[in-house]
Structure formats: structure tokens, C-alpha cells
1. Could you grab me the full set of residues in segment 213-231 that are of a type in the set (S, T, N, Q), touching a strand residue (DSSP E or B) at 6+ places or on another chain (Cβ under 7 Å) and part of a loop (DSSP other than H, G, I, E, B)?
2. Which of the residues spanning segment 276-293 are under 22 Å from Ala133 (Cβ atoms) and in contact with a Ser or Thr (Cβ under 8 Å, 6 or more places away or on another chain)?
3. For segment 151-168, give me each residue that is among the hydrophobic types (A, V, I, L, M, F, W, C), at pLDDT below 95 and farther than 15 Å from Ile107 by Cβ.
4. Go through segment 232-248 residue by residue and tally those that are over 16 Å from the mean Cα position of the chain (by Cα) and assigned to a helix (DSSP H, G or I).
5. Where in segment 54-170 are there strands (runs of 3 or more DSSP E), lying fully within it, with 1 or more residues that are in contact (Cβ under 8 Å) with a residue 60 or more places away in the chain and farther than 23 Å from Val257 by Cβ?
6. For residues in segment 56-93 being of a type in the set (A, V, I, L, M, F, W, C) and at pLDDT below 85, which is nearest to Phe3 (Cα to Cα)?
7. Counting only residues that are closer than 30 Å to Ala99 by Cβ and out of contact with any helix residue (DSSP H, G or I) (no Cβ under 6 Å at 6 or more places or on another chain), which one in segment 169-188 is modelled with the lowest pLDDT?
Amino acid sequence: MHFIWPQALAALVLMPVLVWFYLWMLRRRKAAIAYPSLLIVRQAIGNSARWRRHVPPALIGVAATVAVIGVARPIMSVVLPADYMTLVLAMDVSRSMLAEDVEPNRIQAAQASVREFLGKLPSDVRVGIVSFAGTAQVVQPITDNREDLVTAIDRFELQRGTATGSGLLLALATLLPEAGINLEQIIYGEDFGRWGASPLRPRKEAAPKPPDQKIVPPGSYANGAIVLLSDGRRTYGPDVAEAAREAARRGVRVYTVAFGTPNGFIPGFEGSNYWARVDEQSLRAIAAITEAEFFRAANSDDLKQVYEHLSSKFSMERRYTEVSSLFAALAATLVLIAVVLSLVWFRRR
């Protein structure tokens with residue numbers, strides 16, 4: 001818990017003074033009244049009334065303490081419904097997704113699970129889809145139209161290679177279009193795509209570089225995230241760890257899903273059997289760098305459970321918010337209880 005105005009907490013030093021004042025008033029009252037016998041007082045007060053008379057003042061004291069904390073304007077990390085959320089799914093469409101260790105095969109099981117995942121997302125969550133193999137491409141720009149998303153998933157085409165870093169960077173550029181991430185320049189160099197320039201013949205006068213990106217704490221971006229599903233290790237493209245650090249510098253979490261079994265292989269592909277081992281180490285590293293979570297899915301049921309977990313997570317978000325009103329409400333409730341108890345227990349007839 002943090003406080004916007006912590007100086008107000010200095011008023012808490014007055015609480016012991018109030019307790020001392022209450023005890024002093026009790027002693028003074030006892031000293032001012034003379035009784036011929038203490039037995040008469042005990043019989044008049046009764047056992048229960050002796051502790052009841054201290055309850056309302058105690059509640060008032062607690063209410064005053066709570067009110068002082070509320071005045072300091074406390075801030076707490078709470079889970080609240082997300083105002084809006086944008087997700088980018090980065091899907092591996094390399095040929096290793098033909099492995100049949102997951103029935104009927106990895107790609108068909110992944111497609112079915114993602115369709116179910118999209119159906120369970122709240123309507124105010126927007127989604128974009130990026131596919132990657134030897135290269136990466138946006139198969140569906142960010143939209144809230146679930147039919148367009150399902151159609152994009154159905155038209156996946158498997159390709160050679162696995163450029164996981166390219167897929168992650170393109171997903172990041174799709175999520176944050178204003179970030180100025182140029183995937184071609186990252187792969188081929190800063191001069192790629194400029195007028196009169198090529199990787200072999202750079203332009204003589206380089207264009208000015210964009211201003212440096214402001215670095216924020218990892219995981220601090222609350223309005224979106226990336227979900228990356230892959231079943232193999234990188235064979236092409238940028239370094240995966242550096243791509244993850246690029247996302248972390250912008251505060252974007254990358255949730256990774258390792259899909260398949262350690263012994264997966266593609267039977268009879270081009271006349272030979274090819275092993276399609278899942279690279280859990282890289283996917284774990286991506287999630288750790290971006291302060292997200294790693295999931296393992298060895299079959300279609302596991303993948304459905306992963307997406308069910310993610311759909312519930314993305315419909316809520318943890319954020320810091322001021323809770324002064326809660327402390328004010330608690331203080332007012334305690335005062336009201338003290339007044340009601342005083343009226344019930346000590347009403348005069």
C-alpha cells in the first residue's frame with residue numbers, strides 16, 4: 001500500500017492521546033461520584049454493562065484511525081474489470097506443426113483451441129493475429145469482429161522455418177503501431193527500404209533516427225498483451241531474447257505457450273520422418289523477460305485449459321487505484337454501529 005499524502009498519517013500519534021483522555025475521564029467520573037457501598041454499583045451495572053459501555057467509544061476510536069488513513073489517500077493494487085484490452089496472438093505456422101503427437105495434428109488442434117478461446121473472450125477485448133514461420137505476417141489486423149478472426153485462423157498456411165523473433169516483433173508492432181518498430185530494418189539493417197538504398201548499396205545521406213523510446217518497467221503496459229504459441233526452436237530471423245527485451249522495454253507482457261510433446265515428429269514428410277521437439281527453454285525465457293507466464297500444452301485438452309486461463313486473466317486486470325472512499329465508508333460504518341449500539345444498550349426510559 002502506498003499513500004499520495006503520507007504526511008496526514010502524522011495524525012495517528014493523536015490516537016494514543018485520545019485513549020489516555022478517555023481513561024482519564026473514566027477515572028474522573030468515578031472519583032466525582034460517592035457511593036456508600038460498591039456492591040450497590042456492581043448490582044446496578046451488571047456484568048455485561050461493564051464491558052458494553054466501552055464498545056461504542058472503542059468503535060469511534062477505530063473509526064478515527066481508519067479516517068486518518070483515508071485522508072492520507074491510500075493506493076492499493078487491486079483486480080478490476082479491464083476498461084479495454086487488446087491482444088495479439090502470434091501463431092507458429094511452421095511445418096513442424098504437422099506433427100501428429102497431438103491429435104489430429106498440432107496445427108488443427110491449435111486452430112480449434114484458439115477458436116474456442118476467442119469465443120470466451122469478453123466482447124470489449126480486441127484481437128489481432130500474426131503468423132510466423134520463415135517470415136512473419138499479419139493475417140488479421142486488430143478487430144473486435146470474431147468472425148473475421150476465425151476466418152483468419154482457418155486460412156493458415158504452413159511454411160518452412162521458424163522465425164520466432166520476427167513473429168514476436170511483428171506482434172509488438174501490431175499492438176503498438178505508434179512505437180515505430182520496423183521489422184525489415186531490424187532484419188536487414190537501418191538502411192533497408194529507404195529511397196535509393198538497399199542492403200548492398202546503402203544511401204549516402206542517412207535519414208535522422210527516431211527519438212529514443214522511453215523505457216518503462218516490464219509488465220507495466222496494462223492495455224494489451226501478446227500470446228505467442230510455438231512448437232519449435234528458432235531457425236531464422238532476429239534473436240528471440242532480444243525481441244523479448246524489446247517488448248519488456250515497452251512494458252508489454254508476452255505469454256508463451258509450448259505446444260506439443262518432447263518426442264513429436266512429422267511422419268513421412270518428404271519421404272523421411274522429422275523430429276519436432278518443443279523448445280521450452282526459449283519460450284520460458286520470453287515469458288520471464290517480459291514478466292508474463294509460460295504454459296505447457298502437450299495435447300488439445302491442455303491447450304484449451306491454457307486458453308481458458310488466459311481468457312479469464314485478460315477480462316480482468318491488476319492496477320493501482322486510490323481506495324480512500326473505501327476507508328471513508330468503513331469509518332462511517334463504524335461510527336454508525338457505535339451510535340446504534342449506544343441507543344440500544346443505553347437508551348433512557
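1. Once the filter is applied, which keeps residues that are of a type in the set (S, T, N, Q), touching a strand residue (DSSP E or B) at 6+ places or on another chain (Cβ under 7 Å) and part of a loop (DSSP other than H, G, I, E, B), segment 213-231 yields only Asn223.
2. Ala276, Val278, Asp279, Ser282, Leu283, Arg284, Ile286, Ala287
3. If the condition is that a residue be among the hydrophobic types (A, V, I, L, M, F, W, C), at pLDDT below 95 and farther than 15 Å from Ile107 by Cβ, then Ala163 is the only one that fits.
4. 7
5. Correct list: 74-81.
6. Checking each candidate, the answer is Ile75.
7. It comes out as Ile187.
The values are calculated or read from the model by the stated rules, or taken from the named source; none is laboratory data. Source: prediction; values computed, not measured. Methodologically, a virtual Cβ is constructed for each residue, glycine included, from the backbone with ideal geometry; neighbour enumeration extends over all protein chains shown.
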